Ligand code: SD4
């Protein structure tokens, strides 16, 4: 039976610092956060969409579309690195704070996976379409089809094939997958996945997450990104969280659902991200050596939190004036 003492003990175990009442006053106006430094351009697009009168869903969709269309970004959308059979497959989810959700996994031949995910949310009774069904749905909905594999991404895949012994990739964050050679571990191209969270001046929230997933993954592999409660979770009045890094480590603990649950229990977004990263480290021990996992969280008041296993996880924060800063998340482990 839950009593006051057990609730307090539970919060203490989670490392709860301050009661809700001690939190700072809500930030004024809109706010957008997203994973990685390339999130800055996405935030700008999301901010512009809100400024033009768009909804929170319009904003996060507009933001997610920026890296999806960027041929220089090999971890999201067009020009994403393919799976180990040479097919570019995309995962995406979009969610509002009232339980509205749409997602696609292993989508092929359509650049804007996030827009297809939104159609799943708005035009079907379902939350997730996968593979051939998702691809056919996108075509039926009038999305333009095109080959997403660019010559550069194909070359990287062919280089990888030479040395990879056709084994599943380990972690595209750390470069332990054996290629491609022009990707420096921790370097500018060694990033995957954009997760965005947006709040409006009333404290309502929405989020989006889109990726081509792990480079050279097994065909059919789906990561955390399109799964509600793994790659993204948003709850009205509590906040939202998104993840990046090795999806399997996020999925096995329902990472973002757990971040938001910790926020519901009273932790700040920062403490909540830390709690889940520490939990993964405790649970997995040596299995997560050299593996990156990062969480980014935002609450309806405008508090932001970010934490990761390894150094190097950056995120972009855009305030109500439209000013964007790129920050580096603290990490559990040193380099
Ligand atoms: C996945 N979480 O498919 C994604 C990849 C990623 O930073 O975010 N890497 O596992």
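Some values worked out for this structure:
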item	result
Members of region 198-233 that are more than 11 Å from the ligand (Cβ to nearest atom), assigned to a loop (DSSP other than H, G, I, E, B) and over 12 Å from residue 94 (Cα atoms)	200, 201, 202, 203, 204, 216, 218, 219, 220
Subset of region 67-107 [closer than 20 Å to residue 136 by Cβ, surrounded by fewer than 21 Cβ atoms within 10 Å (Cβ to Cβ) and at pLDDT 95 or above]	87
Among residues of region 281-301, those that are surrounded by fewer than 24 Cβ atoms within 10 Å (Cβ to Cβ) and either closer than 21 Å to residue 204 by Cβ or within 16 Å of the ligand (Cβ to nearest atom) (or both), counted	7
Selection from region 24-39 of residues that are under 17 Å from the mean Cα position of the chain (by Cα) and surrounded by fewer than 19 Cβ atoms within 10 Å (Cβ to Cβ)	37
Number of the exception - residue 42 against (1) in contact (Cβ under 8 Å) with a residue 60 or more places away in the chain; (2) within 15 Å of the ligand (Cβ to nearest atom); (3) over 18 Å from residue 298 (Cα atoms); (4) buried (at least 23 other Cβ atoms within 10 Å of the Cβ)	(3)
Residues (under 21 Å from residue 100 (Cα atoms), buried (at least 23 other Cβ atoms within 10 Å of the Cβ) and within 14 Å of the ligand (Cβ to nearest atom)) located in region 234-257	241, 242, 243, 255, 256
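The values are calculated or read from the model by the stated rules, or taken from the named source; none is laboratory data. As the structure is a computational prediction, the values presented were derived from the model and not from experiment. Because the Cβ atoms are built from the backbone with ideal geometry, glycine has one as well, and the counts that use them run over all protein chains shown.
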